Amino acid sequence: MAYSEKLIDHYENPRNVGSMDKNELSVGTGLVGAPACGDVMKLQIKVTPEGIIEDAKFKTFGCGSAIASSSLITEWVKGKSLDEAGAIKNSQIAEELALPPVKVHCSILAEDAIKAAISDYKSKNSAADAAE
Amino acid sequence: MQRARKRVTLPDKRVSEEAFNMNELKAKPIYLDYQATTPTDPRVVEAMLPYFTEKFGNPHSRNHSFGWEAEDAVEVARAQVAKIIGASAKEIIFTSGATESNNLALKGVMKFYGKKKPHLITVVTEHKCVLDSARHLEQEGYKVTYLGVKENGLIDLEELKAAITDETALVSVMAVNNEIGVIQPLKEIGAICRERKVFFHTDCAQAVGKIDLDVEDMNIDLMSISGHKIYGPKGVGALFVRRRPRVRVIAQITGGGQERGMRSGTLPTPLIVGLGKACDILSNEMAEENARLTELRDYTLARFRDRLADIYLNGDEKERVCGNLNVSFAYVEGESLLMDIKNIAVSSGSACTSASLEPSYVLRALGVDEELAHTSLRIGIGRYTTKEELDTAVDAICTAVERLREMSPLWEMAQEGIDLKSIEWAEH
Ligand SMILES: Cc1ncc(COP(=O)(O)O)c(C=O)c1O
């Protein structure tokens, strides 16, 4: 399959690969996909008390497009507020990486992953607030 | 092997020099996909060439020397093909390839005998062209039993025995699987079929030249052969059809009645000469070649096992053809692996590499977990593969697996001791 230069760059030099401590209150973790379907994404964000994403990390099991989509979204969410990050659409990722139609589901997975990470962060922190 | 390397030299020096200059700029790709197709042996090309130009006659022309010359060449080839499977030349029908041979065997036999015996038995791991022929027959009202396979990819002979009924006309079991390289017990299957008076067809596209085949000893009634899997040209193949006891087939391509009425159409003399020559080379060199390939295959697998944990060989390790390795590299998706090793031509059972977005049906039939099916590579070793190429490929694949595992959340979880099966994944 012929992939765009941007996609290949993200695949060959993925940004922000890694993990954060998922037990930390400032960290939100999203784990989406399924091994049986051939793609699993773990996306983590570290959020400041002001609600700004100061860092993002990912690990992905999946095809080159899935890896590139997760790498790209970690770049995009850094410095954004939770609302801004949650508003990222899969179509923007698909367009930026010029994903072929059969690979559009990879960008959907990336959108799901950031949404899951944000909601994990929010639920952890509202539970913590309630406990205080 | 020195000799094997030399054979690759192209006859036209200019072409090879040009290719060489281009390869200086780009690393030379390494071909490890010999189950998909093989390069035509230069000796085969050489044998074919005169039949395109000065010896161009129609082998069915009975009135002049051009025709006789072509016919003689076709008959030499027929004998060469017959020899490698222990058949007589009269039992060989030329076709356009194993796809056509399989179609003719299944549809041809079922349509001839189907009124009394409408039942066909085949196997879930067969090549698509066998399965699709069976599906078409089903749509026309024939009954088909699809045998499953054991975890090692082999059929259960007891299950086969139990599936045969008085209505069974044909059993079709491939000799060597194209994805996982396992060798079915042909002799045992042949004995069962003969005892029950059922015809036995076997798709030998991946078996000819790799394992010893003898249609008498194995009681084979029909056998499909392909040219381009055995260093012959693409677009030619053969079907062995037994004469004693006689097997009848209804022609699927009708017309001038060539090939004793079983397959009409002017025979492509150059391609047939090439198929014959490819068989002739195998008759002489097969034992030596396969010993070398077996050694290379075992060496390659041992190197993978030395360097990487959590890898699994798909298909039986012993009952396996010499040139095939099919390995799952757990926690690393196959297509991403292929992208990393783009100078190495291998294929993957991953869904992402198939048009259907389903992982390999062959691996699934073995009971390989879907997640492991997504991580498989097929490495095909053949006549021109060198140890140096395999070393380069193993290093590249292992480095890629290590890099991608560092990036894989599943690998991370496995290292933390988390059982991946215990997690509720959101299937999408
Ligand atoms: C087992 C098997 N059967 C049949 C075929 C089809 O052969 P051909 O390409 O000669 O039609 C192949 C090749 O893909 C094969 O591997």
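The values are calculated or read from the model by the stated rules, or taken from the named source; none is laboratory data. From a predicted model like this one, the values you see are computed outputs, not experimental measurements. Don't worry about glycine lacking a Cβ; one is built from the backbone with ideal geometry, like all the others, and counts go over all protein chains shown. Note: accessible area is taken over every heavy atom of the protein model, side chains too, but ligands, DNA and RNA are not part of it. Shrake-Rupley method; radii C 1.70, N 1.55, O 1.52, S 1.80 Å.
Label region B:39-97 by shape, choosing from rounded, prolate and oblate, from the square roots a ≥ b ≥ c of the eigenvalues of the Cα gyration tensor; if a/c is under 1.5 it is rounded, and otherwise prolate applies when a/b is larger than b/c, oblate when it is not. Intermediate results must be reported in sequence, preceding the final value.
Working: a/c = 2.27, a/b = 1.18, b/c = 1.92.
Verdict is oblate for region B:39-97.
Checking the table A:122/B:421; A:89/B:421; A:42/A:80; B:187/B:210; A:6/A:59 against a 21 Å threshold on Cα-Cα, which pairs fail?
Working: A:122/B:421 27 Å; A:89/B:421 31 Å; A:42/A:80 19 Å; B:187/B:210 16 Å; A:6/A:59 19 Å.
A:122/B:421; A:89/B:421, as the Cα separations exceed 21 Å there.
Work out Dmax and Rg for the protein assembly as shown from the C-alpha atoms and quote the Rg first, both in angstrom.
In Å, with Rg to one decimal and Dmax whole: 27.7, 104.
Kirkwood hydrodynamic radius of chain B from all distinct Cα pairs, in Å? Walk me through the numbers before you get to the answer.
On the way: mean 1/r = 0.0434 Å⁻¹.
When all Cα pairs of chain B are included, the Kirkwood radius is 23.0 Å.
Please give the solvent-accessible surface of residue A:6 in Å², to the nearest 10, using a probe radius of 1.4 Å with every protein chain present.
Taking all protein chains as shown, residue A:6 has close to 100 Å².
Let me check something: with ligands and nucleic acids excluded, how do B:340, B:212 order by accessible area (1.4 Å probe), largest to smallest? Could the numbers behind the result be given before it?
Working: B:340 45, B:212 125 Å².
The most accessible residue leads, giving B:212, B:340.
For region A:60-132, what class follows from the C-alpha gyration tensor (a ≥ b ≥ c being the square roots of its eigenvalues): rounded when a/c is under 1.5, otherwise prolate if a/b is larger than b/c, else oblate? Don't skip to the end; give the middle numbers.
Numbers: a/c = 2.97, a/b = 2.28, b/c = 1.30.
Judged from the Cα gyration tensor, region A:60-132 comes out prolate (a/c at least 1.5, a/b above b/c).
Work out the P(r) tail for chain A: percent of alpha carbon pairs separated by more than 26 Å, whole number. If you can, show how the numbers build up before the last one.
Numbers: 1597 of 8646 pairs.
Considering chain A, 18 percent of its Cα-Cα pairs are separated by more than 26 Å.
Tell me the carbon and sulfur percent of the accessible area for region A:5-122, rounded to whole percent, probe radius 1.4 Å.
Working: 2280 of 4420 Å².
Carbon and sulfur atoms account for 51 percent of the accessible area of region A:5-122.
Buried accessible area between A and B (1.4 Å probe, both chains summed, ligands and nucleic acids excluded), in Å² to the nearest 100? Please list the in-between numbers first.
Numbers: alone 6670 and 20170 Å², together 24350 Å².
The contact between B and A buries close to 2500 Å².
Calculate, for region B:109-225, the solvent-accessible area per residue in square angstrom, rolling a 1.4 angstrom probe over the heavy atoms of the protein chains.
Value returned for region B:109-225: 39 Å² of accessible area per residue.
Accessible area per residue of region A:5-122 at 1.4 Å probe, in Å²?
Normalised by residue count, the accessible surface of region A:5-122 is 37 Å².
With the Cα gyration tensor of region B:201-321 giving a ≥ b ≥ c as the square roots of its eigenvalues, does the rule (a/c under 1.5 for rounded; else a/b larger than b/c for prolate; else oblate) give rounded, prolate or oblate? Write down the numbers at each step before the final one.
Values: a/c = 2.52, a/b = 2.09, b/c = 1.20.
In terms of gyration-tensor shape, prolate.
Region B:59-133: which trypsin sites (Lys or Arg not before Pro) are DSSP loop and have at most 14 other beta-carbon atoms within 10 angstrom?
On the way: sites: B:62, B:78, B:83, B:90, B:107, B:111, B:115, B:116, B:128; in loops: B:62, B:115, B:116.
Those that pass, being in a loop and sparsely packed, are B:62, B:115, B:116.
So what's the gap between the Cα centers of region A:104-132 and region A:1-73, to the nearest angstrom?
So the separation of the two Cα centres works out to 13 Å.
Kindly provide the helix-only [θ] at 222 nm of chain B, computed as the sum of -39,500 (n - 2.57) over DSSP H runs of four or more divided by all residues, to the nearest 500 deg cm²/dmol? Don't skip to the end; give the middle numbers.
Details: 14 runs with 174 residues, N = 428.
The helix contribution divided over chain B gives -12500 deg cm²/dmol.
Where the only charges are on Cβ atoms (+1 Lys, Arg; -1 Asp, Glu), what is the dipole of the protein assembly as shown about its Cα centre, to the nearest 20 debye?
Details: 68 positive and 82 negative charges, 543 e Å.
With only Lys, Arg, Asp and Glu charged at Cβ, the dipole is about 2600 debye.
How about region A:59-79: which of its residues lose at least 50 Å² of accessible area in the presence of all protein chains relative to their chain isolated, using a 1.4 Å probe?
At a threshold of 50 Å² (probe 1.4 Å), the residues of region A:59-79 that become less exposed are A:59, A:61.
Arrange the peptides A:72-79, B:305-312 so that the one whose residues have, on average, the most other Cβ atoms within 10 Å appears first. Provide the component values of the computation, followed by the final result.
Working: A:72-79: 20.5, B:305-312: 13.6.
Ranking the peptides A:72-79, B:305-312 by packing returns A:72-79, B:305-312.
In degrees, nearest 10, range 0 to 90: what is the angle between the Cα axis of helix A:104-131 and the longest Cα principal axis of chain A?
Roughly 10 degrees between the two axes.
Which is the longest stretch in chain B that no exposed loop site breaks, taking sites as GluC sites (Glu not before Pro) with a DSSP loop state and at most 16 other Cβ atoms within 10 Å? Provide the component values of the computation, followed by the final result.
On the way: sites that count: B:54, B:140, B:151, B:167, B:216, B:317, B:319, B:416, B:424, B:427.
My reading of the result: B:217-316 is the longest stretch.
On a 0 to 90 degree scale, rounded to 10, what angle separates helix A:64-77 from the longest Cα axis of chain A?
40 degrees
Can you give me the % of accessible surface on chain B that is carbon or sulfur? Probe 1.4 Å, all protein chains present, nothing else counted.
On the way: 9840 of 18890 Å².
Carbon and sulfur: 52 percent of the exposed surface of chain B.
Taking beta carbons within 10 Å but only from partner chains, what does the mean come to for residues B:246-259?
Average per residue, whole number: 0.
Which one of B:97, A:17, A:40 is farthest out on the positive end of the charge dipole of the protein assembly as shown, using unit charges on Cβ (Lys, Arg +1; Asp, Glu -1) and the Cα centre as origin?
Projecting each Cα onto the dipole axis, the largest value belongs to B:97.
Which residues of region B:359-407 bury at least 10 Å² of accessible area once all protein chains are present, versus their chain alone (1.4 Å probe)?
For region B:359-407, once contacts with the other chains are taken into account, B:370, B:371, B:374, B:403, B:404, B:406, B:407 lose 10 Å² or more.
Lys/Arg Cβ at +1, Asp/Glu Cβ at -1, dipole of chain B taken about the Cα centre: which of B:302, B:338, B:53 is farthest positive-ward?
B:53
What is the distance in Å between the Cα centroid of region B:131-192 and that of region B:66-80?
Between the Cα centres of region B:131-192 and region B:66-80 lies a distance of 35 Å.
Can you compute the charge dipole magnitude of region A:5-122 about its Cα centre, using +1 on each Lys and Arg Cβ and -1 on each Asp and Glu Cβ, nothing else charged? Give it in debye, rounded to the nearest 20.
Numbers: 13 positive and 17 negative charges, 47 e Å.
Magnitude of the dipole: close to 220 debye.
Just to confirm my understanding: which cysteines in chain A have no other cysteine beta carbon less than 4.7 Å from their beta carbon?
A:37, A:106 - these cysteines have no disulfide-compatible partner (Cβ-Cβ under 4.7 Å) in chain A.
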